[in-house]
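Asks: Here it is, the structure, as structure tokens.
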Amino acid sequence: KTDEKVQEKYIDKLPVWDLSTYFESITDPAIVKAKENIMENVQDLIEDKDRLVKMREYDILSFIRKYEKIVDDTTNLVQFASLTLCTDRNNEDKKLFDKRTVEFAENVFSKIGWIHNTLYNLPWEKKVLLLQSPKFKDYQEFLMCNLLLPPALNEATRKAVTKMSSTTNDWHSLYRQLTAKLSFEMDGKTYTLDEIKNDITGKTCACFEPK
């Protein structure tokens, strides 16, 4: 009875999982419109590809913002599909919707995968200008990754991330995958990351799993 009273007291204060913040349903016409807008922006980026080197700061900023919107809008679609499927994994319509949404996202990212390589190959003088410009203060992390990190490294990380869905457990899997092969040289011996964690704390590495 005590548990029932506690539940009654707090039941109205529990968070509500309202997917309508994304779309009303998997048949919402806004989904089709969102996909059309994404593909229009993708086409705009493709048309600007050869002009990027000669673009002024303002135009490059507009380019980056459009890229950011493509990623955000596509990610929202994938998250909506994944979370909707979580509400009923036996629903065939939701399964199909999730599958088609993932395919759509893969197609989008395949069409803009050249962006990092193009930014990385900008003249060094252009890179310095962008990194120092106050116009790009909100995009410093993006610029650092895309202007300075070799494409092969960034691409490997991206591929690892795209294999994971947006669920918490999968991000734990990503953490384990990315750290599994880390090793360190100490006193002439090689140690894995887990061995170092265990040696420092005397606890199993499980306590270091991301929360």
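The values are calculated or read from the model by the stated rules, or taken from the named source; none is laboratory data. Because the structure is predicted, anything quoted here is derived from the model rather than measured. Note: ideal-geometry Cβ built from the backbone for every residue, glycine included; neighbour counts use all protein chains shown. These area figures cover heavy atoms from the full protein model, side chains too; ligands, DNA and RNA do not enter into them. Shrake-Rupley method; radii C 1.70, N 1.55, O 1.52, S 1.80 Å.
Asks: Please work out the FRET efficiency for the pair L19 and K189, using the Cβ-Cβ distance as r and a Förster radius of 45 Å; give the result to the nearest 0.05.
Replies: The pair L19/K189 has a calculated efficiency of 0.30.
Asks: For the pair D138/R51, report the inter-label distance in nm, with labels modelled 7 Å from Cα in the Cβ direction.
Replies: Calculated label separation equals 2.2 nm.
Asks: Once the piece of chain linking W124 and S62 is laid out straight, how much longer is it, given 0.36 nm per residue of separation minus the C-alpha distance between them?
Replies: 20.3 nm
Asks: Mind giving me the nanometre distance, one decimal, between the label points for E92 and K111, set 7 Å out from Cα along Cα→Cβ?
Replies: Placing both labels 7 Å beyond Cα along the Cβ direction yields 3.0 nm.
Asks: Any idea of F97's accessible area? Nearest 10 Å², probe 1.4 Å.
Replies: 30
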